[in-house]
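To start, the structure under review is shown below, and the notes come after it.
The values are calculated or read from the model by the stated rules, or taken from the named source; none is laboratory data. None of the values given here were measured: they were computed from a predicted structure. When we count neighbours, we look across all protein chains shown, and the Cβ atoms used for this are built from the backbone with ideal geometry, even at glycine. Ligands, DNA and RNA are excluded from the accessible area calculation, which covers all protein heavy atoms including side chains. Shrake-Rupley method; radii C 1.70, N 1.55, O 1.52, S 1.80 Å.
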Amino acid sequence: MTAAALCRGLDTLFAVPPEHRLDDVDRASARQVLGCDDHTLSTLLDRGLPASGDPGEERFDSRDLFNLALYSGTGTTVPEQAFAYSLRWMRSSTEELLAPRASRFATRIACAAEACGPEPTSTLALPRPERLGGAVHDLTVEPAGGAAGPSGDTVTRTASQLAVTATVHTRGELAELRAPELRAIAAEFAAMELRWVKLPEALQNDVDLVTTHGVASCDSASRYLAQLCVRAGIPAVTRIGWVVGMLDLVHAWVEVEDADGATKVIDPVFALFSATVPGTNPLLRDPAVALRTNRLIPTGLPTGRAVAEHRCAGEPAAARVTTKILPAPTRPEEGS
């Protein structure tokens with residue numbers, strides 16, 4: 001069953017284009033990701049699974065393996081099980097998705113080099129839950145001193161590392177989409193039946209993949225939906241931020257101004273995610289409503305911006321970024 005499912009999944013795989021490939025996984029690790037034996041892996045290679053290297057010593061792009069496994073339908077692969085676990089909250093009741101929530105937020109960036117270069121600068125986006133009716137308390141920046149960015153959406157320090165911690169209060173909202181044009185756009189997008197996939201960074205904003213291959217990242221899906229809205233005369237912007245319970249994932253969504261003057265969140269990728277998990281709340285896939293869950297922690301940044309950046313000697317440099325979002329010891333309603 002696993003072999004047949006993986007072969008069917010290979011027929012619909014969007015393979016990472018050659019110019020963006022990074023063959024970083026060997027055969028043993030590939031078998032582990034796919035949950036298959038060596039014979040099945042060889043069958044997949046014969047059927048066109050991209051790889052490099054000599055026979056028996058092939059190497060694979062980890063994103064190809066992840067995407068193939070995620071949509072294989074076996075229910076036993078590592079990506080399928082990881083998604084089912086991290087997205088289990090999508091089975092929550094509407095009341096649970098809207099209730100006030102308090103989280104302890106911590107993010108850190110550090111130069112990835114053994115010795116940081118001259119004149120290092122580190123920048124982190126700040127959590128801005130007040131944008132969606134929440135609040136932030138006990139915000140701490142280490143090292144202290146310096147100033148926030150011009151918009152107050154980021155903080156920068158002349159340092160090889162930087163950390164931001166805060167208690168973040170969030171709440172959800174369920175609102176009807178009132179503008180007929182907006183409802184039509186949301187329904188049209190839902191009918192496209194796109195698949196979220198892991199993509200190379202260079203392709204994550206490529207909206208052409210949405211229309212030509214039916215695949216999308218959080219960024220490209222949000223950009224595409226925002227473009228449809230703007231072309232229809234509906235004010236819309238993209239937004240990036242974090243999701244409580246989704247590890248270090250930086251998420252993206254769309255904020256639109258509806259006919260009633262209210263700004264509403266349309267999260268195109270949550271609908272795609274929910275299709276991979278049985279028993280999810282149907283409102284996550286309902287194009288007639290805007291369901292903003294209490295798990296969204298927004299920044300003030302649009303897609304295309306980074307939540308963390310590091311520079312050495314004035315040039316972009318590799319960095320390690322870690323983010324932890326855990327339940328806060330305070331009650332959600334305190335200070336909201």
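Applying the criterion of being acidic (Asp, Glu) and closer than 18 Å to residue 267 by Cα to the residues of the stretch 192-238, the residue that is modelled with the lowest pLDDT is 193.
Count, please, the residues in the stretch 259-282 that happen to be under 24 Å from residue 227 (Cβ atoms) and either among the polar types (S, T, N, Q) or not in a strand (DSSP E or B) (or both). Final tally of qualifying residues: 14. When residue 271 is tested against (1) small (Gly, Ala, Ser); (2) under 13 Å from the mean Cα position of the chain (by Cα); (3) at pLDDT 95 or above, exactly one condition is not met: (3).
The set of residues from the stretch 164-183 being crowded, with 19+ Cβ neighbours inside 10 Å and more than 17 Å from residue 258 (Cα to Cα) comprises 164, 166, 167, 168, 169, 170, 171, 172. Pairs are defined by a Cβ separation below 8 Å, a sequence spacing of at least 6 or placement on different chains, a first member in the stretch 3-20 that is within 9 Å of residue 72 (Cα to Cα), and a second member that is basic (Lys, Arg) and not in a helix (DSSP H, G or I); the pairs so defined are 7/47; 10/47. Scanning the stretch 184-214 for residues that are assigned to a helix (DSSP H, G or I) and open to solvent by less than 80 Å² (accessible area, probe 1.4 Å) yields 184, 185, 186, 187, 189, 190, 191, 202, 203, 209, 210.
Going by what's in this entry, would residue 335 be described as farther than 22 Å from residue 174 by Cβ, at pLDDT 90 or above and not β-branched (Val, Ile, Thr)? No; evaluated as a whole, the condition is false for this residue. For the stretch 283-332, the candidate set comprises residues that are in a strand (DSSP E or B), small (Gly, Ala, Ser) and in contact with a Ser or Thr (Cβ under 9 Å, 6 or more places away or on another chain); within that set, the residue that is surrounded by the most Cβ atoms within 10 Å (Cβ to Cβ) is 319.
Just to verify a result, which residue in the stretch 52-73, among those that are outside any helix (DSSP H, G or I) and under 21 Å from the mean Cα position of the chain (by Cα), is modelled with the highest pLDDT?
61
Taken over the stretch 75-96, the criterion of being closer than 18 Å to residue 29 by Cα and either in contact (Cβ under 8 Å) with a residue 60 or more places away in the chain or in a loop (DSSP other than H, G, I, E, B) (or both) is satisfied by 76, 77, 80.
Go through the stretch 14-48 and count every residue that is in contact with an Asp or Glu (Cβ under 7 Å, 6 or more places away or on another chain) and assigned to a loop (DSSP other than H, G, I, E, B). Residues in the stretch 14-48 being in contact with an Asp or Glu (Cβ under 7 Å, 6 or more places away or on another chain) and assigned to a loop (DSSP other than H, G, I, E, B): 4 in total.
Checking each residue in the stretch 130-183 for being within 30 Å of residue 89 (Cα to Cα), over 25 Å from the mean Cα position of the chain (by Cα) and outside any strand (DSSP E or B) picks out 178, 179. Of all residues in the stretch 199-240, those satisfying the criterion of being under 19 Å from residue 272 (Cα atoms) and charged (D, E, K, R) are 206, 208, 219, 223, 239. Inspect all residues belonging to the stretch 105-118 and state whether any of them is in a helix (DSSP H, G or I) and either open to solvent by 20 Å² or more (accessible area, probe 1.4 Å) or in contact with a His (Cβ under 7 Å, 6 or more places away or on another chain) (or both). No: the stretch 105-118 contains no residue that is in a helix (DSSP H, G or I) and either open to solvent by 20 Å² or more (accessible area, probe 1.4 Å) or in contact with a His (Cβ under 7 Å, 6 or more places away or on another chain) (or both). The residues in the stretch 90-104 that are under 21 Å from the mean Cα position of the chain (by Cα) and either open to solvent by 40 Å² or more (accessible area, probe 1.4 Å) or under 24 Å from residue 257 (Cα atoms) (or both) can be counted, and the count is 5.
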